[in-house]
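Taking it in order: structure first as structure tokens, then the write-up.
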Amino acid sequence: MKIEQFFEHHGVSGNPFAEEDAQTDPVFKEHCIATTHHPSWGKVFGDPTEPATSVVFGEKGSGKTAIRLQIARDLREYNRANPERRVFVIQYDDFNPFLDRFKDRLGMRRSKHPLEHWKLWDHMDAILSLGVTQLLDQALGGPVDMAEPVALEQLDRHQSRDLLLLAACYDQSLREPFVARWRRLKRRLRYRAWKAKRFGALAWLVTLGVAGTLIGLQKWEWLETPWPYVFVALGWVPYLLRWLKWHFVAGKIVRQARVVKHTVGPLRRVLLRMSADDLVNQPLPNKERTDDRYELLQKFQGVLRTLGYTGIVVLVDRVDEPHLINGNPEQMRSLLWPMLDNKFLKHPGIGYKLLLPIELSYFIDREDRDFYQRARLDKQNMIPSLEWTGEALYDVANARLAACALAGRSPKLRELFDPAITDRRLIDALRSLRVPRHLFKFMYRVLTAHCNAFTEDRPVWQISAESFESTLALYLRDQDAFERGMGAG
């Protein structure tokens, strides 16, 4: 007996419980993303007009990735309805590129335990690089999902300068060469910096003047004296001093912005194309401190505000997946703890949605008073555990069946099981599964066991109590072994 045959009898197309990860689950993405939420959804999502931070802890399969996708989806809908008060969404969920660059910058001496050297400004650099690259993709043409329009013509000269400075420090696009993309942005912004060229123009003017004098007067013997060379050298001195200054600054940015992929040459070239007056006292990520990053973040917010974005939401997820972490709680703690800073999490106009593994909550309970004073988790809309009741999981299962229902049919979870399994027993069993992923795995296993026990000629359309109980007992045993590190899950 085939599972498809069983589901078709109950008015269901396909298997609603085949997928376990929201990232690749078409049933969730196409049908349930807008309607099936965790009971704590309102606290996590908050109000888009005033983005706020939420810190959520949940075990594997509890729906953290689903919540991230739902937040991103609902904010897209909000932006379509409110084009003048949009929210800029940054998805900070792929840490591998940043950790790879960070480890490379540390060198061999400190690379054995690289995350011990990770700081808050590394997170800020990573978030700014994602945000700036995304904004430039929208403005200059990028991935097809960058559908929200950006009118750079609204920016004044100072904001154009700010965006060019942010692009120089943080643009990480792989679509075209860094310098070529920065020049294209400069043309779009109609940014003119004639003063940036004056030293180069002076150098060439002196050089051509000396050459013209020699040719015009036919004084070739002067070439045997040091004076023509001295005059040419003096003409080039201001340009060379400026070149050396920005070469040195570019080198410091490359060293200190440890999660950003830069090389000194291209970065120096774009900085040299900006007016010295425009760069005076401007913050740059060239020191081991957060002060400059906060100022750059404020500049980024100012640019976004003019472009119609009144807030920013940063979605932090999949902390346990990077290859330098591999699910190690200590490594996750080293990566995330610098971010738990009240000044950072409560920065005006930005809401951080931290969707964290449950293992990190155990470290929270063992921290000292100084940590609590710095993090102020009591002000961060913290959810200690993303728990699901049996009733909530029952509703999730019914929602997925309804999403896959054939035309004119209304399948229910109750109908799949023998009446000998009472409603209370069914809900209690779902409660023991704890999270949606275990629900889907168990349903797939019990359906497979039931269908394998009968032939297509003699099908049975309801799962018996004996099959239900035996499969549940085996699944819970396997799950317990997985949680103790003794099984594959």
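Each value in this text was obtained by applying a stated rule to the coordinates, not by laboratory testing. Values in this document were obtained by computation on a predicted structure and should not be read as measured data. Cβ: placed from backbone, ideal geometry, glycine included. Neighbour counts: every protein chain shown.
Dipole of the chain computed with +1 at Lys/Arg Cβ and -1 at Asp/Glu Cβ about the Cα centre; of VAL132, HIS31, ILE215, farthest Cα towards the positive end is ILE215. Residues of segment 269-305 falling in the label zone of VAL179, defined by backbone nitrogen less than 19 Å from a point 7 Å along Cα to beta-carbon, are 269-276.
At full extension, ASP395 and TRP461 could sit 21.6 nm farther apart than now, given 0.36 nm per residue minus the alpha carbon distance.
Distance between the modelled labels on LYS252 and THR24, one decimal in nanometres: 4.7 nm (7 Å Cα→Cβ projection).
Basic side chains Lys and Arg get +1 at the Cβ, acidic Asp and Glu get -1 at the Cβ, and with that the dipole of segment 301-429 about its Cα centre reaches some 580 debye. Counting only DSSP beta bridges with both residues in the chain, the antiparallel share comes to about 5 percent. Distance between the pseudo-spin-label points of ALA276 and LYS119 (7 Å out from Cα toward the beta carbon): 3.0 nm. If R0 equals 22 Å, the separation of the Cβ atoms of HIS9 and ALA449 corresponds to a calculated FRET efficiency of about 0.80.
If you line up the long axis of helix 227-256 against the longest principal axis of the chain, both from Cα atoms, how many degrees apart are they, to the nearest 10? For helix 227-256, the angle is close to 20 degrees. Positive-end ranking of ALA405, SER470, TRP388 along the dipole of segment 369-486, with charges on Cβ about the Cα centre, is headed by TRP388. With K and R counted +1 and D and E -1, the other residues having a Cβ less than 12 Å from that of GLU176 yield a net charge of +2. Just name one of MET274, PHE248, HIS262: the one whose Cα is farthest towards the positive end of the charge dipole of segment 246-296 (beta-carbon charges, Lys/Arg +1, Asp/Glu -1). It is HIS262, whose Cα lies furthest towards the positive end. Once the Cβ-Cβ distance of ALA420 and ASP368 is raised to the sixth power relative to R0 = 45 Å, the FRET efficiency obtained is 0.25.
For segment 160-215, the set of trypsin sites (Lys or Arg not before Pro) satisfying both a DSSP loop assignment and a count of at most 13 other C-beta atoms within 10 Å is given as ARG175, ARG190, ARG192. Residues of segment 37-51 with backbone nitrogen within less than 16 Å of a virtual label 7 Å along the Cα-to-Cβ line of ALA81, please, listed as ranges. What the label zone holds, given the 16 Å backbone N cut-off, is 42, 45-51.
In terms of the mean number of neighbouring beta-carbon atoms within 10 Å, the peptides 58-64, 47-53, 119-125 order highest first as 58-64, 119-125, 47-53. Here the chain is treated with +1 on each Lys and Arg Cβ and -1 on each Asp and Glu Cβ, and its dipole about the Cα centre works out to around 2720 debye. Dipole size of segment 26-184 about its Cα centre, with +1 on Lys/Arg Cβ and -1 on Asp/Glu Cβ: approximately 500 debye, rounded to the nearest 20.
Between the helical axis of 178-189 and the dominant principal axis of the chain, each derived from Cα atoms, what acute angle in degrees is found, rounded to the nearest 10? So the helix axis and the longest Cα principal axis differ by about 80 degrees. Here the contact order of the chain, divided by its residue count and restricted to Cα pairs under 8 Å and six or more residues apart, works out to 29 percent. What trypsin sites (Lys or Arg not before Pro) does segment 281-348 have in DSSP loop regions with at most 15 other beta carbons within 10 Å? Sites meeting the loop and neighbour criteria: LYS287, ARG289, LYS346. Relative to the longest principal axis of the Cα atoms of the chain, the long axis of helix 64-81 makes an angle of roughly 60 degrees. Sorted ascending by nearby beta carbons within 10 Å, beginning with the fewest, HIS438, HIS37 become HIS37, HIS438.
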